[in-house]
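The values are calculated or read from the model by the stated rules, or taken from the named source; none is laboratory data. The structure presented is a predicted model; accordingly, all values stated were derived computationally and were not measured. Virtual Cβ from ideal backbone geometry, glycine too; neighbours counted across all protein chains shown.
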Amino acid sequence: MEQKVSEILENILSMLSLEGSFEVEEKNDGVFVSIDASEPGRLIGRDGQTLQALQFIINQIILKHTEDPKRVILDVSGWRQGKEEELAHKTKQWAEQVIEEGKPLELEPMPAWQRRVVHITIEEMKDVESESVGEGLDRHLVISPVNVFPKN
């Protein structure tokens, strides 16, 4: 699988006339690709939209051409990792706010990968829980205090 992902990335970088290197690491929960490109902004795009589109395309190719496909996650020049860390920090602040105020907090719509980061961060905490609501571009998260009283 690492070989197939490498081939796809080499072709894409070549088609975009971008110079760069990348490391592909296959783990149990997916294939992680770290890309260092001469012009990282061209691969990342506004708010990571190009990066997400590229990741989607690669995952679709892998799905069709691999017997045991795993999810491919791309990071360009550490951009994604930085965003995940920043979002996890914000999530902890939101959780503290929810605990202090004792009422749910509705977040702005965000891409699926960001919602996933929030869910994972909230799972590690007690006293709060998260839920995705809405559909399509309006899909967003609600962070709520954990109900300490059992439901009847």
Quick one: which residue in D138, D127, D75 is of a type outside the set (K, R), out of contact with any Ser or Thr (no Cβ under 8 Å at 6 or more places or on another chain) and at negative phi? D138
Hey, among the residues in the stretch 3-25 that are surrounded by 15 or more Cβ atoms within 10 Å (Cβ to Cβ) and part of a strand (DSSP E or B), which one's farthest from the chain's Cα centre (by Cα)? G20
Name every residue in the stretch 63-77 that is touching a helix residue (DSSP H, G or I) at 6+ places or on another chain (Cβ under 9 Å) and not β-branched (V, I, T), in order of residue number. H65, P69, K70, R71, L74, D75, S77
Among the listed residues V72, V128, which satisfies the condition of being more than 24 Å from R46 (Cβ to Cβ) and surrounded by 18 or more Cβ atoms within 10 Å (Cβ to Cβ)? V128
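Would you check which residues across the stretch 17-33 are over 14 Å from Q55 (Cβ atoms), touching a residue at least 24 places away in the same chain (Cβ under 8 Å) and in contact with a Leu (Cβ under 8 Å, 6 or more places away or on another chain) and list them? Step through it out loud before you land on a result.
Filtering the stretch 17-33 down to residues over 14 Å from Q55 (Cβ atoms) leaves 17-21, 23, 25-29.
Right, trim to touching a residue at least 24 places away in the same chain (Cβ under 8 Å) and you get 18, 26, 29.
Within the stretch 17-33, just L18 meets the criteria.
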Which of the helices (runs of 4 or more DSSP H) found entirely inside the stretch 43-147 contain at least 3 residues meeting this: at pLDDT below 95 and closer than 30 Å to L16 by Cβ? 49-65, 112-123
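Being loosely packed, with under 11 Cβ neighbours inside 10 Å and under 14 Å from the mean Cα position of the chain (by Cα) is true for just one of A112, A88. Which residue is that?
On the way: A88 fails: loosely packed, with under 11 Cβ neighbours inside 10 Å.
Criteria check complete, one pass: A112.
Does N11 satisfy the criteria of being at pLDDT below 90 and either within 21 Å of R115 (Cβ to Cβ) or not assigned by TED's automatic domain parsing to the domain that holds S130 (or both)? Reasoning before the result, please.
Values: at pLDDT below 90: no; either within 21 Å of R115 (Cβ to Cβ) or not assigned by TED's automatic domain parsing to the domain that holds S130 (or both): yes.
Answer is no for this residue.
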